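Below is one structure. I have some questions about it.
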Amino acid sequence: MKVLKFGGTSVGSPERMEQLLPIIKSQQSDKHLVVLSAVSGTTNDLFAIAQSYLKEEKDKARNDIKILYSKYKTFIKQLFKTEEGLRTAEEVIDHHFNLLDELGNDLFTSIEERIVLAQGELLSTTLFHVYLKEKGIPSVLLPALDFMRMDEENEPNIEYIQKQIGIKLSEYPSDNLFITQGYICRNTFGEIDNLRRGGSDYTASLLGAVLGAEEIQIWTDIDGFHNNDPRYVQNTKPIAKLSFDEAAELAYFGAKILHPQSVFPAKRFNVSVRLLDTMELSAPGTLISQGTESDDQIVAIAAKDGITAIRIQSSRMLLAYGFLRRVFEVFERYKTPIDMITTSEVAVSLTIDQTTYLEEIIQELNYFGSVEVDHDQAIVCIVGDFRSNKHGHATIVSEAVKHIPVRMISYGGSEHNISLLVPASYKIEAMRSLHNRLF
């Protein structure tokens, strides 16, 4: 079995959705599990509707529902060619949009908000299932809410997912094409929830991993990872192969083609991931697998915006044990991840990209010493082979950015990256300078 995930742009128009079937048929595999995102733009529209409901702006919410419904009416009229197919599709969208309208009749909480956000994937998968039926192609629609579940730590319940998807597939021994929703799941209380933005990649990786799939394919509108961001840097090139660790570094530090968490289930179960382009079917894309480290090479540059740097200086840190633990506990209490960290005898600098509880964190950190905060920073990450027996790469990186004010450098924490913290206004210049020097 192969798991094929198609993103929002890949199902973003009737023409795009029609192109999915030839792609699926071209795969050399006996069975296929297709994971679909919502039609591009739908999740944003649903989020706006939910926000209006939360603010008790029901008229605005219902007006936005009508506008989105009109878009789907046009969508299905272009997609379906028979009266029966169109009638079934109309029943599908009527069901989901009536639900959206009815949710505004009672108390609207975060629970109802998550129900609203789930409708995008439920719509896209059901419409594609109906489209295949119109074309005479047998398929099975598997509701992700029957097997995708989070545990009490809000992490995927791997054992539950593995057991339940196995049970579902065993009910259809003679079928070869299965369709399910990305992004949506149930939480530990059984309520409808989601895997956060970009979660369809995560769904595909989790399912491919627990099923021991031949391959997980992530189909999008970019021909794989590039060695730099083509939006800012000219003459970038796609990367043919990456290791799981290299891909994870690039995804986390700004390469938007892949959800950062998607690499880890595939790595754990050693299932290869291939990134492919629905707009350029002949492009080989990027293969992510075990044992494909780029020996003695620098392979790519990525950047992450919206970074805040925090520096804590304290003489109590000198020759003291437990100091860093107590600092980290502050961030743990506020569930705020740390990206980078550097230390000296009397100071520690670190970065975060979630500032929801920044004021509370700073207030607690003031107990340890003086605190300085720098906003509007960016992390530029250079990914490659930086194992301890290699030499020269750090010097090349430093030379490339010697004219740029670097706030922090993280080197040695990973064998696969060097990270630089620079003011956001210098991000693009740093990426271009590094690209010219390294590639």
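The values are calculated or read from the model by the stated rules, or taken from the named source; none is laboratory data. Just so it is clear, the model here is predicted, and its values are computed rather than measured. Cβ sites come from the backbone with ideal geometry, for glycine too, and all protein chains shown count toward neighbours. For the accessible areas, the whole protein counts, side chains as well, though only heavy atoms, and no ligand, DNA or RNA atoms are used. Shrake-Rupley method; radii C 1.70, N 1.55, O 1.52, S 1.80 Å.
Using only Cα atoms, locate the centre of region 172-201 and the centre of region 402-439, then give the distance between them in Å, rounded to an integer.
So the two Cα centres are separated by 37 Å.
How long, wide and thick is region 71-118, going by the Cα atoms along their three principal axes, in whole angstroms, largest first?
Extents along the principal axes, in whole Å: 40, 15, 13.
Right, here's the next one. According to the square roots a ≥ b ≥ c of the eigenvalues of the Cα gyration tensor, what is the shape class of region 86-147, taking rounded for a/c under 1.5, prolate for a/b larger than b/c otherwise, and oblate for the remainder? Before the final figure, lay out the partial values.
Values: a/c = 4.03, a/b = 1.82, b/c = 2.22.
In terms of gyration-tensor shape, oblate.
Loop only by DSSP, 10 or fewer other Cβ within 10 Å of the Cβ. Give me the GluC sites (Glu not before Pro) in region 331-405 that pass, ordered by residue number. Provide the component values of the computation, followed by the final result.
Values: sites: Glu332, Glu345, Glu359, Glu360, Glu364, Glu372, Glu399; in loops: Glu345.
Passing sites in region 331-405 are Glu345.
Could I ask something else about it? Could you tally the net charge around Asn105, taking each other residue with its Cβ under 11 Å from the Cβ of Asn105, Lys/Arg +1 and Asp/Glu -1?
On the way: positive: Lys58, Arg62; negative: Asp101, Glu102, Asp106, Glu112.
Charge balance in the 11 Å sphere: -2.
At 0.36 nm per residue, and after removing the present C-alpha to C-alpha distance, how many nm does the segment from Glu429 to Leu324 gain when stretched out fully?
On the way: separation 105, 0.36 × 105 = 37.80 nm, distance 3.36 nm.
Extra length available between Glu429 and Leu324 comes to 34.4 nm.
Let me ask you something else. With θ set to phi - 60° and the Karplus curve 6.51 cos²θ - 1.76 cosθ + 1.60, what are the ³J(HN,Hα) couplings of region 429-435 in order, to the nearest whole Hz, using x for Gly and Pro?
In residue order, the calculated couplings are 4, 5, 5, 5, 5, 5, 4 Hz.
At q = 0.21, 0.22 Å⁻¹, what is the base-10 log of I(q)/I(0) for region 1-78 according to the Debye formula with one equal point scatterer per Cα and no solvent? Please give it to two decimals.
-0.93, -0.97
Over region 195-300, with the other protein chains present, what is the accessible area per residue in square angstrom, probe 1.4 angstrom? Each step should come with its number before you reach the end.
Working: 4300 Å² over 106 residues.
Per-residue value: 41 Å².
Which pairs break 18 Å Cα to Cα here: Lys2/Lys168; Lys31/Lys168; Lys31/Lys241; Lys2/Lys31; Lys241/Lys267?
Values: Lys2/Lys168 16 Å; Lys31/Lys168 14 Å; Lys31/Lys241 25 Å; Lys2/Lys31 7 Å; Lys241/Lys267 15 Å.
Check vs 18 Å cut-off fails for Lys31/Lys241.
So for the chain: antiparallel DSSP bridges make up what percent, rounded to the nearest 5? Write out the running numbers ahead of the final one.
Numbers: 40 of 66 bridges.
Percentage antiparallel, nearest 5: 60.
I would also like to ask the following. Within straight cross-link reach of Lys55, meaning Cα distance under 23 Å, which lysines are found once same-chain residues fewer than 8 apart are removed?
By straight Cα distance, Lys55 reaches Lys66.
Within region 129-227, list the chymotrypsin sites (Phe, Trp or Tyr not before Pro) lying in a DSSP loop whose Cβ has at most 10 other Cβ atoms in a 10 Å radius.
Details: sites: Tyr131, Phe147, Tyr160, Phe178, Tyr183, Phe189, Tyr202, Trp219, Phe225; in loops: Phe147, Tyr183, Phe189, Phe225.
Those that pass, being in a loop and sparsely packed, are Phe189.
Using the Cβ atoms and a cut-off under 13 Å, what net charge is assigned to the surroundings of Val263, where Lys and Arg are +1 and Asp and Glu are -1?
Values: positive: Lys267, Arg268, Arg274; negative: Asp201, Asp245, Glu246, Glu249.
My count for the surroundings of Val263 gives -1.
For a quick check of understanding: with a 1.4 angstrom probe and all protein chains in place, what accessible area in square angstrom does Asp106 have, to the nearest ten?
120
Pop a pseudo-label 7 angstrom from the Cα along the beta-carbon direction at both Val346 and Gln27 and give the gap in nm to one decimal.
Each label point lies 7 Å from its Cα, and together they span 6.0 nm.
Give me the number: length gained by fully extending Gln51 to Thr74, i.e. 0.36 nm times residue separation minus the C-alpha to C-alpha distance, one decimal in nm. It would help to have the intermediate numbers written out before the result.
Values: separation 23, 0.36 × 23 = 8.28 nm, distance 2.52 nm.
Length gained between Gln51 and Thr74: 5.8 nm.
Pairs of alpha-carbon atoms within less than 8 angstrom and 6+ residues apart define the contacts here; what relative contact order does the chain have, in percent?
Numbers: 832 pairs, mean separation 56.6, N = 439.
With pairs under 8 Å counted, the relative contact order is 13 percent.
If you scale each eigenvalue of the Cα gyration tensor by 5 and take the root, what three semi-axes come out for region 167-262, rounded to whole angstrom and sorted largest first? Intermediate values should be presented prior to the final figure.
On the way: eigenvalues 176, 59, 27 Å².
Result for region 167-262: semi-axes of 30, 17, 12 Å.
Just the ratio, please: alpha-carbon radius of gyration of region 67-205 over 2.2 N^0.38 Å, N its number of residues. Could you put the intermediate results ahead of the total?
Numbers: Rg = 16.2 Å, N = 139, 2.2 N^0.38 = 14.3 Å.
The reported ratio for this selection is 1.13.
How many angstrom lie between the Cα centre of region 230-284 and the Cα centre of region 323-360?
A separation of 29 Å, based on Cα centres.
Another question, if that's okay. Measure off, as a whole percent, the carbon and sulfur share of the 1.4 Å-probe accessible area of the chain, all protein chains present. Before the final figure, lay out the partial values.
Numbers: 9860 of 20440 Å².
In the chain, the share of accessible area belonging to carbon and sulfur is 48 percent.
Projected area of region 1-130, taken from the Cα convex hull and averaged over every viewing direction, in nm²?
Details: hull surface 32.8 nm².
The directionally averaged projection comes out at 8.2 nm².
Tell me, which longest segment in the chain has none of the trypsin sites (Lys or Arg not before Pro) that fall in DSSP loops with at most 15 further Cβ atoms within 10 Å? Present the calculation step by step, with values, prior to reporting the outcome.
Working: sites that count: Lys55, Lys81, Lys135, Arg196, Arg197, Arg231, Lys256, Lys335, Arg387, Lys390, Lys402.
Result for the longest clean stretch: 257-334.
Rounded if a/c is under 1.5, else prolate if a/b beats b/c, else oblate: with a ≥ b ≥ c from the C-alpha gyration tensor eigenvalues square-rooted, which is region 286-439?
Details: a/c = 1.93, a/b = 1.73, b/c = 1.12.
Prolate, since a/c reaches 1.5 and a/b exceeds b/c.
In deg cm²/dmol and to the nearest 500, what is the mean residue ellipticity at 222 nm of the chain if only DSSP H runs of at least 4 residues count, each as -39500 (n - 2.57), divided by the residue total? Mind dumping the intermediate values first?
Details: 13 runs with 172 residues, N = 439.
Calculated at 222 nm, the ellipticity per residue is -12500 deg cm²/dmol.
Can I ask one more? Please list, ordered by chain and number, the residues whose modelled amide H lies under 5 Å from the amide H of Arg274; skip anything fewer than 5 residues away on the same chain.
Residues meeting the amide H criterion: Ile216, Gln217, Ile218, Ile288.
What residues qualify as long-range amide H neighbours of Met408, i.e. H under 5 Å apart, gap of 5 or more or another chain, H built at 1.01 Å from N?
Leu421
Restricting attention to region 146-185, which GluC sites (Glu not before Pro) occupy a DSSP loop and are surrounded by at most 16 other Cβ atoms within 10 Å? The partial results should precede the final answer.
Numbers: sites: Glu152, Glu153, Glu159, Glu171; in loops: Glu152, Glu153, Glu171.
Those satisfying the criteria are Glu152, Glu153, Glu171.
State, to one decimal in nm², a quarter of the convex hull surface area for the C-alpha atoms of the chain, i.e. the direction-averaged projected area.
Values: hull surface 93.9 nm².
With the hull built on Cα positions only, its mean projection is 23.5 nm².
Using Stokes-Einstein with the Kirkwood hydrodynamic radius over Cα pairs, what translational diffusion coefficient do you get for region 343-386 at 25 °C and a viscosity of 0.890 mPa s, in µm²/s rounded to a whole number?
Values: Rh = 12.9 Å.
Value of D from the Cα-based Kirkwood radius: 190 µm²/s.
Which three extents, in angstrom, do the Cα atoms of region 207-317 have along their principal axes, listed largest first?
Largest first, region 207-317 extends 58, 37, 28 Å along its Cα principal axes.
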